[in-house]
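Let me give you the structure first, and then I'll get to my questions.
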Amino acid sequence: MPSHDIDAVRQQLLKRVEASETPRDVLRAPEFKDLYSAIGTLSPEEKGPYGKAVNELKQAVEAAVEARTMQLESGDVIALDVTAPWDVNSSRPAFLPTNEGSQHPLTKEMDTVVNIFTRMGFDAVESRQIDDDFHMFGSLNFPENHPARDGYDTFRTEEGFIPPAHTSTMQNRILQEGKAKLEAGGQIAAISYGRVFRNEDVDATHEHTFHQVEGVFVSKDATLGDMLGTLRSFFEVYYGQSLRIKTQPAYFPFVEPGLEFQIEKPAALNGKPGEWLEMLGCGMIHPNVLTAAGIDPTVYRGFAWGGGIERLVMLKYGIEDLRHFESAKLNFMRKFA
């Protein structure tokens, strides 16, 4: 194909870009296919200059497309055809520019929680969103007939995998990874955090999808007092005031003894002396859990805890309905901008 024909195609395509409301479509113009197909008809001497001319044409069109796209996006009013397929509107700007957006409240509070614990010396590991029976139950000392294994409580895929019902699925991995450090005279100190899933009926206080944070600490001389001090320090930093705490016995398969941890309702939440809030479950790590990770429970001991992020956020901001977090309602999200 002669060079003047390429120049003619160039002019046609550039005019088409200039007039188009969807300029990126011009990059798929059939003229490009015709130009490249013509290469096979040329002599070896002609192919080099011809290919170079076609590439320069494409670069010129691409530059024009970018310029036209920026021109369209910088306009004061850009019409959107809401009935059209997505690609018709794909060159237009986002509905909400990034400089007008904000983090989701759960993301902000998760970052706050992780930041507090990492400043206390804990490593942070994000939890998985699909796992197996061993990490979900077996490694955590759940008996074979425990009701949590039932489908009425825990989701399962057709292949038998489990969307984790708690971030405790990471505990065995954390323990195994930290074993060498432990045996070298150090300690294991880590939190896991992320999304979890339960087979729940959704209402103002229950959701099938929510978030948790879990902590694990193991050393040769870890005590229940160390755990209570760690948790108290966390909540005092989180709520910005000194707090009284108390515990009461509870059963969890992976700890012994198991406790429910409560704080006196903070003044930041309009609390009064004598008003208590149950915040999370905790306890000393069960010897079977340490053994499952290859850690000798006669030499080492530790503590663990776990609680929901949504509960912290609801209390902190006075949110009355758990469903707001998944509602995608802008009037709710803007409160946290």
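None of the figures in this text is laboratory data; all of them are computed from the coordinates on show. For clarity, every value in this text was computed on a predicted model and none was experimentally measured. Ideal geometry is used to build each Cβ from the backbone, glycine not excepted, and the neighbour counts take in all protein chains shown.
Roughly what angle does helix 3-19 make with the longest principal axis of the chain, taking Cα atoms, 0 to 90 degrees, to the nearest 10?
Compared with the principal axis, the helix lies near 50 degrees.
Let me ask something else about it. Gain in length, Tyr317 to Lys335, computed as 0.36 nm per residue apart minus the alpha-carbon separation, to one decimal in nm?
5.5 nm
Give me the distance in nm between label points sitting 7 Å out from Cα along the Cα-to-Cβ direction at Ala180 and Phe161, one decimal.
With each label point 7 Å from Cα toward Cβ, the separation is 2.7 nm.
Pull up the DSSP beta bridges for the chain and report the antiparallel fraction as a percent, rounded to 5.
In the chain, approximately 90 percent of DSSP beta bridges are antiparallel ones.
Treat the stretch 269-314 as a sphere of radius equal to its Kirkwood radius over Cα pairs and apply Stokes-Einstein at 37 °C in a medium of 0.692 mPa s; give the translational diffusion coefficient in µm²/s, rounded to a whole number.
246
Okay, moving on. Quick check: from the Cα gyration tensor, does the stretch 105-336 come out rounded (a/c under 1.5), prolate or oblate?
Verdict is oblate for the stretch 105-336.
Treat each spin label as a single point 7 Å out from the Cα along the C-beta direction, and report the Thr118 to Lys15 distance in nm.
Modelled inter-label distance: 5.8 nm.
Okay, moving on. Based on Cα coordinates alone, diagonalise the gyration tensor for the stretch 195-241, multiply each eigenvalue by 5, take square roots, and list the semi-axes in whole Å, largest first.
Those come to 30, 16, 8 Å.
Any chance you could run the full-extension gain for Glu56 through Arg28? It's 0.36 nm times the residue separation minus the Cα-Cα distance, nm to one decimal.
Contour length minus the Cα-Cα distance gives 8.5 nm.
Tally Lys and Arg at +1 and Asp and Glu at -1 over the other residues with C-beta under 15 Å from the C-beta of Ala63: what net charge comes out?
+2
Just how large is the dipole of the stretch 222-299 about the Cα centre, in debye to the nearest 20, putting +1 at every Lys and Arg Cβ and -1 at every Asp and Glu Cβ?
The dipole of the stretch 222-299 has a size of about 260 debye.
A further question on this structure: Shape verdict for the stretch 1-41, please, from the Cα gyration tensor: rounded (a/c under 1.5), prolate (a/b greater than b/c) or oblate.
Verdict is oblate for the stretch 1-41.
Return the subset of Lys220/Lys265; Lys15/Lys52; Lys246/Lys316; Lys108/Lys329 for which the Cα-Cα distance in this structure is over 29 Å, preserving the input order.
Beyond 29 Å: Lys220/Lys265.
Here's a follow-up. Which shape class, rounded, prolate or oblate, goes with the stretch 137-253 when its Cα gyration tensor gives a ≥ b ≥ c as root eigenvalues, a/c under 1.5 marks rounded, and past that a/b bigger than b/c marks prolate?
oblate
With each run of n ≥ 4 DSSP H residues scored as -39500 (n - 2.57), what mean residue ellipticity at 222 nm is computed for the chain after dividing by its residue count and rounding to the nearest 500 deg cm²/dmol?
About -11500 deg cm²/dmol.
Oh, and also: So how much slack lies between Lys272 and Ala250, counting 0.36 nm per residue of separation and subtracting their Cα-Cα distance, in nm?
Here the answer is 5.4 nm.
If you take every residue apart from Leu106 with its C-beta less than 11 Å away from the C-beta of Leu106, what net charge results, scoring Lys and Arg +1 and Asp and Glu -1?
-2
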